[in-house]
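First the structure, in the form of structure tokens, and then the observations on it.
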Amino acid sequence: MTTEEKIFEAAKIIFHKKGFAGARMQEIADEAGINKAMLHYCFKNKQVLFEAVFKKAFGQLAPQINQIFTSEKSLFDKITDFTQNYISFIIENPFLPAFIIQEMNSNPEFVMSFMNTDNRPNPTILIAQIEREIKAGIINPIPPKQLLLTIFSLTIFPFAAHMLVKSMLHLSPEEFLQMMEERKTTIAQQIINSIKK
């Protein structure tokens, strides 16, 4: 494992434990097994490091999502694949939803820069498929973008508001994680049941 890879793995651990605001560069250096000077040589500050971790994670997620959107599978299979892939990814990178929300408020240009690249998730083909399946009578009439928003919201919200969810439902971290594992299939089934003829 390279020094950069050690830093990325350590940063993910510390950002998950402490959040962006609570994380300290010294803690990340200690977790990576390097000195703080080396960490600052590679990444001049915590914001730069967080953005690098985000870019790497997004670079792994976007191709997976695009592959789902553009595959030859049925709409129902794509919904199932999306919920399973996205939730698995966020379980591995639980700090990302909160970071995206934070950055959208304080540094929207950074987040939007990912939406203006060729690598961004592009739902155009999926939207066309939804329209075809409505016309074919496979699913109930529903605005395609509303359906996509529902799918995104149901998968993202519990992670973006995990402290609220844990508190309201009286969940331990282990119980929350178990519930998220269950959502990989329950969300997809609920959405499919609500739209199929």
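A short reminder: the numbers here are calculations on the coordinates, not readings from a lab. Just so we're clear, the structure is a prediction, and the values are computed from it rather than from any experiment. Using ideal geometry, Cβ is built from the backbone for each residue, glycine included, and neighbour counts are taken over all protein chains shown.
For the chain, the alpha carbon convex hull comes to 136 Å³ per residue, rounded to a whole number. Distance between the C-alpha centres of the stretch 164-197 and the stretch 25-72: 27 Å, rounded to the whole angstrom. The alpha-carbon positions of the stretch 94-173 define a convex hull whose volume is 134 Å³ per residue.
Of the listed pairs Lys145/Lys166; Lys145/Lys196; Lys166/Lys196; Lys73/Lys184; Lys78/Lys196; Lys73/Lys135, which have alpha-carbon separations greater than 20 Å here? Exceeds cut-off: Lys145/Lys166; Lys166/Lys196.
Secondary-structure-derived ellipticity at 222 nm for the chain, considering helices only, amounts to -26000 deg cm²/dmol, per-run term -39500 (n - 2.57) for DSSP H runs with n ≥ 4.
Each of Thr124, Thr80 was scored by other Cβ atoms within 10 Å of its Cβ. Listed from fewest to most, they are Thr124, Thr80.
Scaling the Cα radius of gyration of the stretch 26-77 by the globular reference 2.2 N^0.38 Å produces a ratio of 1.77. With contacts taken as Cα pairs under 8 Å at a separation of at least 6 residues, the chain carries a relative contact order of 23 percent.
The H on the amide N of Ile139, modeled in the peptide plane, is under 5 Å from the matching H of Ile134, Lys197, each at least 5 residues off or on a different chain. Whole-Hz Karplus values for the stretch 60-68 come out as 8, 6, 4, x, 4, 5, 4, 4, 5 Hz, taken residue by residue from phi with 6.51 cos²θ - 1.76 cosθ + 1.60 and θ = phi - 60°; glycine and proline positions read x.
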